[in-house]
Every structure is written in C-alpha cells, then in structure tokens.
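See below for the structure under consideration.
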C-alpha cells in the first residue's frame with residue numbers, strides 16, 4: 001500500500017511505461033472510452049482510495065490529438081481520481097501546453113499559463129512536476145499548489161561529455177532569455193570534463209511572432225564545437241538562425257539542443273544540409289519523426305529517469321530539489 005500508483009493515458013503511455021520500468025513498477029490499468037461527438041470517459045480500473053497517485057501526461061498536440069484534448073482528459077481523470085478517494089494526486093507533465101504564454105505582450109492579451117494552472121488546481125491536483133519550463137519564475141508563480149521543476153541540463157551535459165574528446169566546446173544561448181538555462185549546461189559540463197567550457201550569446205528579438213536579429217554571436221565559438229541550447233523547437237527558425245550565425249563566427253561544428261521537440265513540419269530544415277551537425281531533443285513529447293536528407297533524424301535523450309527519481313523521492317519523503325545536488329558541482 002505504500003507504493004505509488006502510476007497512470008498514463010494512451011497518448012503518453014509509452015513514456016509512462018519507461019518511467020514505471022525505472023521504478024520497478026507497472027502502470028496501473030485505466031479505461032479510456034470514446035463517445036459520439038468527441039466526448040470521452042476515463043477511469044482507474046483499480047482502487048485508488050487512500051493512495052498517492054501519479055498521472056503522467058504530456059500536454060502536447062499532434063495528429064492524434066490536440067493539446068486542448070489532452071488537457072481536458074487530464075483534468076477529467078484527476079477529478080475522477082479525487083472523487084474515488086485518492087489521498088493525493090501529482091500531475092507529472094513532461095511538456096506543459098501554453099507555458100510560453102506566461103505574460104501580456106500586447107494589450108488585452110490572455111495569460112494562458114495562469115489559466116491552465118487554475119484549471120489543473122480546480123480539479124483537485126495536489127502537486128505538479130514539470131520539466132524545463134519556458135520561464136521558471138512564471139511557472140512557479142502560476143500555481144498555488146506545490147510544484148517541482150526538473151531540468152534536462154544534466155542529461156545533455158552527460159551526452160556531450162561522452163562525445164567531446166579533447167575538442168573545445170562553447171555552449172550558446174539563442175537569446176538573452178535562455179542564458180541561465182545554457183549556463184547551467186556549461187557549468188555541469190565543466191564539472192563533468194574538468195575542462196573550461198565557453199559560453200556565448202546570440203542577439204535576437206521577437207515581436208508578433210516575427211524573429212529578427214540573430215546574426216551576431218558574442219562569445220568564443222571560433223574553432224569550437226558550438227552547442228546551441230534552447231527549451232523548445234517549433235518551426236526551427238531560431239535555431240537555424242543560430243546555426244548560421246555560429247558557422248559565420250568560425251565554429252568548427254554546431255549542434256542544436258532543445259528539451260521539447262514540438263517539431264512542426266517546417267523544422268525539417270534542421271535536418272537538411274544547412275541545419276546543425278546534430279539535432280538533439282528529449283522524449284518529453286512523443287517524438288514526431290521528421291526525416292531529413294539521407295535519413296537523418298534527431299538524437300533523443302530520455303527524461304524518464306528524471307521523472308522516476310522525482311517520484312521515488314517524493315514517495316519516500318525525499319526532496320526533488322536535491323536532484324540537482326546529485327550532479328557534480330563546479331570547482
């Protein structure tokens with residue numbers, strides 16, 4: 001009875017199975033039924049009374065279902081769990097829809113992240129675990145229930161450390177807003193390799209969805225393996241500009257990483273001849289297999305271990321914040 005119960009709707013079942021396997025558990029069975037007119041029903045097929053329940057659902061949209069549909073299913077399922085006597089429900093959200101809309105940039109703009117947070121709380125969610133929020137401060141402020149924030153930086157640093165060799169490396173932020181995220185990767189990579197890692201910043205501006213700038217690189221990318229680090233790839237416009245700028249600045253190689261691979265059809269350009277030497281994403285979103293020339297495809301890093309360890313720590317009274325302490329610190 002002390003073991004947590006893990007549920008994952010069909011859209012995120014593969015991810016949920018990987019998390020459950022890391023914990024040595026099986027996903028708990030649930031029913032998902034479709035009705036006329038697009039209505040649906042979900043319910044647990046085991047008793048949840050008095051149990052701590054974790055629901056894993058990535059709130060991304062694709063050809064199989066919209067972000068709105070998956071949000072609605074999550075809300076209904078959590079509400080049903082609470083009505084069925086679950087003592088606590090933690091929503092594990094590898095990707096949180098609408099996280100980019102965290103502030104007003106135009107007159108009468110909605111702050112949709114806040115509204116999504118209010119909906120998640122309204123159905124009785126006790127705790128939320130997220131991954132690489134677009135704006136960490138806005139993410140934490142949007143929720144009134146406890147939240148824990150995981151980061152993919154250690155995974156990327158481990159991946160880079162294994163394949164860097166003696167080459168110089170420079171971690172690049174595609175804009176000022178992502179500087180702290182990129183610097184976190186820089187710090188962990190320095191700790192892993194015991195060598196100095198450079199940091200660079202690309203000048204970029206965005207207004208009404210239009211990106212400008214992105215041609216000037218400030219930092220030591222010349223002759224280095226430049227790794228552009230972002231939180232999300234959608235159409236790939238930002239990363240393509242960054243790749244071009246790094247090459248113009250003399251980078252020997254250019255990789256591009258983003259935690260969340262939304263990967264719209266336009267992002268195929270990232271796997272073309274003008275794209276980065278390597279495109280790296282995590283499995284926070286069901287991988288949309290975009291094919292490039294010569295059969296190229298993204299490198300996918302699994303974040304299932306991060307979520308499994310967070311669940312293990314929460315279930316045993318540990319601290320998720322302490323996950324950061326597992327990583328070597330910069331000397």
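The values are calculated or read from the model by the stated rules, or taken from the named source; none is laboratory data. These numbers were taken from a predicted model, which means no experiment stands behind them. When we count neighbours, we look across all protein chains shown, and the Cβ atoms used for this are built from the backbone with ideal geometry, even at glycine.
Do the conditions hold for residue 254, that is, is it out of contact with any helix residue (DSSP H, G or I) (no Cβ under 7 Å at 6 or more places or on another chain) and either in a helix (DSSP H, G or I) or modelled with pLDDT of 85 or more (or both)? For residue 254, the condition - out of contact with any helix residue (DSSP H, G or I) (no Cβ under 7 Å at 6 or more places or on another chain) and either in a helix (DSSP H, G or I) or modelled with pLDDT of 85 or more (or both) - is not met. For residue 3, the conditions (1) surrounded by 20 or more Cβ atoms within 10 Å (Cβ to Cβ); (2) at pLDDT below 95; (3) closer than 15 Å to residue 90 by Cβ are fulfilled apart from (1).
Of everything in the stretch 92-112 that is assigned to a loop (DSSP other than H, G, I, E, B) and touching a strand residue (DSSP E or B) at 6+ places or on another chain (Cβ under 6 Å), the residue that is farthest from residue 312 (Cα to Cα) is 96.
Against the conditions (1) under 21 Å from residue 147 (Cα atoms); (2) in contact with a helix residue (DSSP H, G or I) (Cβ under 7 Å, 6 or more places away or on another chain), residue 74 satisfies every one except (2). Exactly one residue out of 206, 268 is assigned to a helix (DSSP H, G or I), surrounded by fewer than 18 Cβ atoms within 10 Å (Cβ to Cβ) and at pLDDT below 95: that is 268. Scanning the stretch 158-174 for residues that are in a loop (DSSP other than H, G, I, E, B) and either surrounded by 17 or more Cβ atoms within 10 Å (Cβ to Cβ) or free of Cβ contacts under 8 Å to residues at least 40 places away in the same chain (or both) yields 165, 166, 168, 174.
For the stretch 235-245, does any single residue satisfy the condition of being at pLDDT below 95, at positive phi and out of contact with any helix residue (DSSP H, G or I) (no Cβ under 9 Å at 6 or more places or on another chain)? Scanning the stretch 235-245, I find no residue that is at pLDDT below 95, at positive phi and out of contact with any helix residue (DSSP H, G or I) (no Cβ under 9 Å at 6 or more places or on another chain), so the answer is no. In the stretch 48-78, which residues are surrounded by fewer than 12 Cβ atoms within 10 Å (Cβ to Cβ) and within 17 Å of residue 89 (Cβ to Cβ)? Correct list: 49, 50. Within the option set 127, 134, being touching a strand residue (DSSP E or B) at 6+ places or on another chain (Cβ under 6 Å) and over 27 Å from residue 227 (Cα atoms) holds for one residue only, 127. Looking across the stretch 234-254, just one residue is over 14 Å from residue 202 (Cβ atoms) and crowded, with 24+ Cβ neighbours inside 10 Å, and that is 236. If I filter the stretch 175-189 for residues that are in a loop (DSSP other than H, G, I, E, B) and either more than 20 Å from residue 284 (Cβ to Cβ) or in contact with a helix residue (DSSP H, G or I) (Cβ under 7 Å, 6 or more places away or on another chain) (or both), do I get at least one hit? Yes, the stretch 175-189 contains a residue that is in a loop (DSSP other than H, G, I, E, B) and either more than 20 Å from residue 284 (Cβ to Cβ) or in contact with a helix residue (DSSP H, G or I) (Cβ under 7 Å, 6 or more places away or on another chain) (or both). If you go through the stretch 113-142 and keep only what is surrounded by 20 or more Cβ atoms within 10 Å (Cβ to Cβ), touching a helix residue (DSSP H, G or I) at 6+ places or on another chain (Cβ under 6 Å) and assigned to a loop (DSSP other than H, G, I, E, B), you end up with 125, 133.
Where strands (runs of 3 or more DSSP E) fall entirely within the stretch 20-91, those with at least 3 residues that are without any contact (Cβ under 8 Å) to a residue 60 or more places away in the chain and at negative phi are at 30-34, 40-44.
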